[in-house]
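Notes to accompany the following structure.
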Amino acid sequence: MREIFFSSSQVLTYIIKRCYLKDYNINQATAQRLLYCSYGSIMGLFDMRLTDERPITWEAGPIFPRAVFDHMNHQLNFTDYQNPLEQKLSQPAIIYVINQTVDNFATLSPQEFTEFLTAPGTPWYEASNGGENMGVIMEDELIRQYFIKSVVDPDAYFGPNMEIPIAADPRSENIWA
């Protein structure tokens, strides 16, 4: 699995700004859910981690603790015209997938969103043992497999191409994503 390692707080800031621009209702719980769905969609489509922080199980679904802390303590920067995520990205595929994810999930009601993310068979359900264990780090491969099975279809993806070079394989000098 390749890793991008954007700050979870920077991605969350971008998601919240997109919701405001699109006039979607947004609160802290919805923002965390959209961050998780973006994380899972990127993982499912590109086999790549989006953030430097992995989600953990929490009562109403997955959360990213540092991003929650920054959001609660008003440490997200909404004043820059261009978010640091956008400044650092040379890959339009990442922004495209985040935008599509936000547009697809932001209109769910809080109850629908919670049910979708915590239903039996979801990574949250498996990692938390049906809601018994909170604060458990959710495994990336479990998230990736779930999103491929239930949310995204890598074979049907027609957005921008991902062209991030990966470490050289001893068998080849020219490996690209």
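The values are calculated or read from the model by the stated rules, or taken from the named source; none is laboratory data. Everything numeric here is computed off the predicted structure, so don't read it as measured data. So basically every Cβ, Gly included, is an ideal-geometry build from the backbone, and we count neighbours across all protein chains shown.
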Worksheet entry | Residue count, segment 123-155 (criterion: over 19 Å from the mean Cα position of the chain (by Cα) and assigned to a helix (DSSP H, G or I)) | 1
Practice prompt. Check whether at least one residue in segment 57-75 is among the hydroxyl-bearing types (Ser, Thr, Tyr), at pLDDT 85 or above, within 23 Å of residue 152 (Cβ to Cβ) and part of a helix (DSSP H, G or I), and report yes or no.
Written response: no
Response to the item:
Note on residue 128: of the conditions (1) crowded, with 19+ Cβ neighbours inside 10 Å; (2) within 23 Å of residue 14 (Cβ to Cβ), unmet is (2)
Worksheet, complete the sentence: Expected single match for modelled with pLDDT of 85 or more, under 16 Å from the mean Cα position of the chain (by Cα), over 22 Å from residue 128 (Cβ atoms) and among the basic types (Lys, Arg) among 18, 33 is 18
Discussion item. If I ask for residues that are aliphatic (A, V, I, L, M) and assigned to a helix (DSSP H, G or I), which ones from segment 98-122 would you list?
Written reply: 98, 102, 117
Response to the item:
residue 29 meets each of (1) over 24 Å from residue 136 (Cβ atoms); (2) assigned to a helix (DSSP H, G or I); (3) touching a residue at least 40 places away in the same chain (Cβ under 8 Å) with one exception, condition (1)
